[in-house]
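Engineer: Let me begin by handing over the structure; questions about it come next.
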Amino acid sequence: MAELLALRGVNTRIGQYHILHGVDFGVEPNSLTMLLGRNGAGKTTCLRTIMGLWRASAGSIQFDGADIARTLTPELARLGIAYVPENMGIFAGLTVSENLVLAARHGPLDAKRLDWIFALFPALKKFWHSFAGNLSGGQKQMLAIARAIVEPRRLLLVDEPSKGLAPAIVQAMIDAFQELKRETTLLVVEQNFHFARALGDAVVVMDSGRIVHRGRMAELAADEALQQRLLGLALDTHQ
Amino acid sequence: MSLRSDWLPLALLAAIAIAALPLMPSAPTWITLTIAGLAMGMMIFIMASGLTLVFGLMDVMNFAHGAFISVGAYAGASVLLTMKSATRASSLASNLAAIVPAVLAAMALAGALGWFFERVVVRPVYGDHLKQILVTTGGLIVCEELIHVVWGPDLIALPRPATLTGSVLFGDAAVERYRMLAVFVGLGVFAAMWLVLNRTKIGLLIRAGVENTEMVEALGYRIRRIFVAVFITGSALAGLGGIMWAMYQESLTAAMGMQVMVVIFIVIIIGGLGSVGGCFVGALLVGLLANYIGYVAPKLALGSNILLMVLILLWRPRGLYPAGK
């Protein structure tokens, strides 16, 4: 199957630091690809490079066949790529409704889609007029994801959606992502292997800015030795 | 935080006004000083509001903002001085026939200068505060010298239009007409800014951009265009404030912008960098205190703004209404 997103030999430098070293991987359409790795492996840099927030110094990034390595961030969003950063990037001084209105670039909020979002994240309906800064960590994560899907997107880039969330909220998030998988293509950075195993179709593992493994998530989930070799202590910590 | 969710700074404003009452010899004196303080605060707010938005949204330390104030004042004064017969007439309509074009000229020239500065001076130094301070201060000095070249180095007297001179009596309290106008204009500007920021999508974008520029871009908006629009609007407001300040002082010099910048910086720091609501409350606090202390203890008046800033920052280190970033 043709890949919706393909990175070929991507290098990223931030100031004097060389973070990504020839990153190669692809994301198949209508699938959820998990990007795993230890802290500092380059996962967040990878997502930010795809989103144009940092520039690739070499290599190509293809989205639906077109090279987007030099495309500006707003244009990437207009192509249908949505991004949920690790810090969630919600606008704390805006209400929940204002956060979503801002994300709906093509006009007013669609009532049907809003109902769908409320079904995924009921807390957002309850706190519709509350300032986003007053929400709990889990609710902020729900808002960040809701904002990314308030209109149909072709690719969702999500950075550590389970980070800092209580186990009950993580399960709710897994359920929500199962639903999202039916609608769009996702590339998700994650450190929680339980979360990754429950959702991932494909998996890419990074270490020190390089891809060290690509394959099916089911295969990695079934091979504890491989998990230990690729992810090491991170598994013990986050499982 | 916003005016909607945090009323303590507004309560402080009321508390200062009430606390000043027993210190005054009479209620009419208190009314006169309060209106004078509010008028001064409103004019400072008009001049400062653009700068706080530019800092909040674009992270730009624009010391050249003072030049926009001076240039606006000179542009407006030029119109008023060439329409002396209209400004001297005792009819409000005749006065307005001079004031409206003067205000438009002040805003247009200051806005155009702001556009030029954003493109030529500020754009190459985005993200570098030290260079911003250096080049915008340099720009301020160049503008001042250009004002000397165009309008001459001497102080220019600017009599107020006839219907804006004198006072209105409320009981025993005399309130200058011009100060009342300044209060109304200031309230109008604040209301317009509040409506734009809170009731329009462009306002949502500006408020979101003040908090997280990168995320606004990730949602598909070209923040650069918003930057330019805000810079021009902020400069135009500085021009409006400049001509109002010149009419308030009934004179203007090329250095007036630089002189008022000290108070403007105090106001935007007190208010919380990037916060229009904070700038509004901060400007009113500065205006009221300057008038009350100037009357009760004139020797302390010079230091009152600094003292206010220190106390506010001890209470709220990021200002009254910290905004994003």
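The values are calculated or read from the model by the stated rules, or taken from the named source; none is laboratory data. Here the structure is a predicted model, which means the values were calculated and not measured. No Cβ is skipped: glycine too gets one built from the backbone with ideal geometry, and neighbour counts run over all protein chains shown.
Engineer: Is the range A:150-163 home to any residue that is more than 20 Å from A:P74 (Cβ to Cβ) and in a helix (DSSP H, G or I)? If you could, list the steps in order and put the result at the bottom.
Structural biologist: The first filter runs over the range A:150-163 and keeps only residues more than 20 Å from A:P74 (Cβ to Cβ), leaving A:160-163.
Going one step further and asking which of them are in a helix (DSSP H, G or I), we end up with none.
Looking for residues that are more than 20 Å from A:P74 (Cβ to Cβ) and in a helix (DSSP H, G or I), one finds none in the range A:150-163, hence no.
Engineer: Now for a separate question. Only one residue in A:L7, A:L47 is touching a residue at least 24 places away in the same chain (Cβ under 8 Å) and more than 21 Å from A:F195 (Cα to Cα), so which one is that? Even if it seems obvious, please write down each step before you answer.
Structural biologist: Values: A:L47 fails: more than 21 Å from A:F195 (Cα to Cα).
One residue alone meets the criteria, A:L7.
Engineer: Please go through the range B:159-176 and pick out each residue that is under 12 Å from B:Y248 (Cα atoms) and touching a strand residue (DSSP E or B) at 6+ places or on another chain (Cβ under 6 Å).
Structural biologist: Matches in the range B:159-176: B:E176 only.
Engineer: Still on this structure, I have one more. Could you grab me the full set of residues in the range A:85-106 that are more than 9 Å from chain B (Cβ to nearest Cβ) and in a helix (DSSP H, G or I)?
Structural biologist: Residues satisfying the conditions are A:V96, A:S97, A:L100.
Yes/no per residue for (1) free of Cβ contacts under 8 Å to residues at least 40 places away in the same chain; (2) surrounded by 21 or more Cβ atoms within 10 Å (Cβ to Cβ):
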{"residue": "B:A11", "(1), (2)": "yes, no"}
{"residue": "B:A17", "(1), (2)": "no, no"}
{"residue": "B:T32", "(1), (2)": "no, yes"}
{"residue": "B:F45", "(1), (2)": "no, yes"}
{"residue": "B:N62", "(1), (2)": "no, yes"}
{"residue": "B:A73", "(1), (2)": "no, yes"}
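Engineer: Next up: Taking the options A:G40, A:G59, A:G65, A:G107, name whichever one is touching a Gly at 6+ places or on another chain (Cβ under 8 Å) and not β-branched (V, I, T).
Structural biologist: Working: A:G40 fails: touching a Gly at 6+ places or on another chain (Cβ under 8 Å); A:G65 fails: touching a Gly at 6+ places or on another chain (Cβ under 8 Å); A:G107 fails: touching a Gly at 6+ places or on another chain (Cβ under 8 Å).
Of the residues listed, the single one that is touching a Gly at 6+ places or on another chain (Cβ under 8 Å) and not β-branched (V, I, T) is A:G59.
Engineer: Among the residues of the range A:37-58, which ones are within 14 Å of chain B (Cβ to nearest Cβ) and assigned to a helix (DSSP H, G or I)? So that I can check it myself, show each step before the final result.
Structural biologist: Initial filter on the range A:37-58 (within 14 Å of chain B (Cβ to nearest Cβ)): A:44, A:47-55.
Matches in the range A:37-58: A:T44, A:L47, A:R48, A:T49, A:I50.
Engineer: To continue, here is another question. Given the criteria at pLDDT below 95 and touching a Lys or Arg at 6+ places or on another chain (Cβ under 9 Å), does A:E190 qualify?
Structural biologist: On the way: at pLDDT below 95: yes; touching a Lys or Arg at 6+ places or on another chain (Cβ under 9 Å): yes.
Here the answer is yes, as A:E190 does meet what is asked.
Engineer: Looking only at the range B:75-111, count every residue that is free of Cβ contacts under 8 Å to residues at least 24 places away in the same chain and basic (K, R) and tell me the total.
Structural biologist: Number of matching residues: 1.
Engineer: Which is of a type in the set (S, T, N, Q) and in contact (Cβ under 8 Å) with a residue 12 or more places away in the chain, of B:T163, B:T200? Lay out the reasoning, then the answer.
Structural biologist: Values: B:T200 fails: in contact (Cβ under 8 Å) with a residue 12 or more places away in the chain.
Residue meeting the stated conditions: B:T163.
Engineer: Look through the range B:117-157, keep the residues that are part of a helix (DSSP H, G or I) and of a type in the set (F, W, Y), and return whichever of them is nearest to B:I31 (Cα to Cα). If you could, list the steps in order and put the result at the bottom.
Structural biologist: Let us first name the residues in the range B:117-157 that are part of a helix (DSSP H, G or I), namely B:117-125, B:129-151.
Checking the rest, the ones that are also of a type in the set (F, W, Y) come to B:117, B:151.
Details: B:F117: 41, B:W151: 38 Å.
Applying the filter and picking the extreme gives B:W151.
Engineer: What helices (runs of 4 or more DSSP H), lying completely within the range B:1-109, carry at least 1 residues that are within 30 Å of B:H129 (Cβ to Cβ)?
Structural biologist: Values: elements: B:8-20, B:27-58, B:65-82, B:84-88.
Fully inside the range B:1-109 and qualifying: B:8-20, B:27-58, B:65-82.
Engineer: If the Cβ limit is 7 Å and pairs must be 6+ apart or interchain, which residue in the range B:213-226 that is facing chain A (nearest Cβ under 8 Å) pairs with which residue that is among the acidic types (D, E)?
Structural biologist: If the second residue must be among the acidic types (D, E), the pairs left are B:I223/B:E217.
Engineer: I'd like to know if the range A:59-68 contains one or more residues that are buried (at least 18 other Cβ atoms within 10 Å of the Cβ), more than 10 Å from every other protein chain (Cβ to nearest Cβ), more than 30 Å from A:K126 (Cα to Cα) and of a type in the set (V, I, T).
Structural biologist: Yes, the conditions are met somewhere in the range A:59-68.
Engineer: Inspect all residues belonging to the range A:184-191 and state whether any of them is buried (at least 21 other Cβ atoms within 10 Å of the Cβ), in a helix (DSSP H, G or I), of a type in the set (A, V, I, L, M, F, W, C) and touching an Asp or Glu at 6+ places or on another chain (Cβ under 9 Å).
Structural biologist: Checked against the condition, which is being buried (at least 21 other Cβ atoms within 10 Å of the Cβ), in a helix (DSSP H, G or I), of a type in the set (A, V, I, L, M, F, W, C) and touching an Asp or Glu at 6+ places or on another chain (Cβ under 9 Å), the range A:184-191 yields no hits at all.
Engineer: For B:R160, work out the one condition from (1) away from chain A (no Cβ under 14 Å); (2) part of a helix (DSSP H, G or I) it doesn't fulfil.
Structural biologist: Evaluating B:R160 over (1) away from chain A (no Cβ under 14 Å); (2) part of a helix (DSSP H, G or I) leaves (2) as the failure.
Engineer: Which of the following residues is closer than 21 Å to A:L199 by Cα and at the interface with chain B (Cβ under 10 Å from one of its Cβ atoms): A:A146, A:A82, A:A119?
Structural biologist: Working: A:A146 fails: at the interface with chain B (Cβ under 10 Å from one of its Cβ atoms); A:A119 fails: at the interface with chain B (Cβ under 10 Å from one of its Cβ atoms).
Going through A:A146, A:A82, A:A119 in turn, the sole match is A:A82.
Engineer: Could you say whether any residue in the range B:269-292 is within 20 Å of B:A73 (Cα to Cα) and of a type in the set (S, T, Y)?
Structural biologist: Within the range B:269-292, not a single residue is within 20 Å of B:A73 (Cα to Cα) and of a type in the set (S, T, Y).
Engineer: Which count do you get for residues in the range A:1-47 that are over 26 Å from A:Q227 (Cβ atoms) and of a type in the set (K, R)?
Structural biologist: Residues that pass the stated criteria total 2.
Engineer: If you don't mind, another one. Pairs please, first residue from the range B:288-315 and in a helix (DSSP H, G or I), second anywhere and polar (S, T, N, Q), Cβ atoms under 7 Å, 6+ apart in sequence or on different chains.
Structural biologist: Between residues of the range B:288-315 that are in a helix (DSSP H, G or I) and residues that are polar (S, T, N, Q), the close pairs are B:L288/B:T34; B:L289/B:S304; B:A290/B:S304; B:A290/B:N305; B:I293/B:S304.
Engineer: Counting just the residues of the range B:199-212 that are more than 7 Å from chain A (Cβ to nearest Cβ) and out of contact with any helix residue (DSSP H, G or I) (no Cβ under 8 Å at 6 or more places or on another chain), which one comes out surrounded by the most Cβ atoms within 10 Å (Cβ to Cβ)?
Structural biologist: B:T200
Engineer: I'm checking my understanding of the structure. Among residues of the range B:106-133 that are farther than 19 Å from B:R225 by Cα and either aromatic (F, W, Y) or at pLDDT below 95 (or both), which one is surrounded by the fewest Cβ atoms within 10 Å (Cβ to Cβ)?
Structural biologist: Out of the qualifying residues, it is B:L130.
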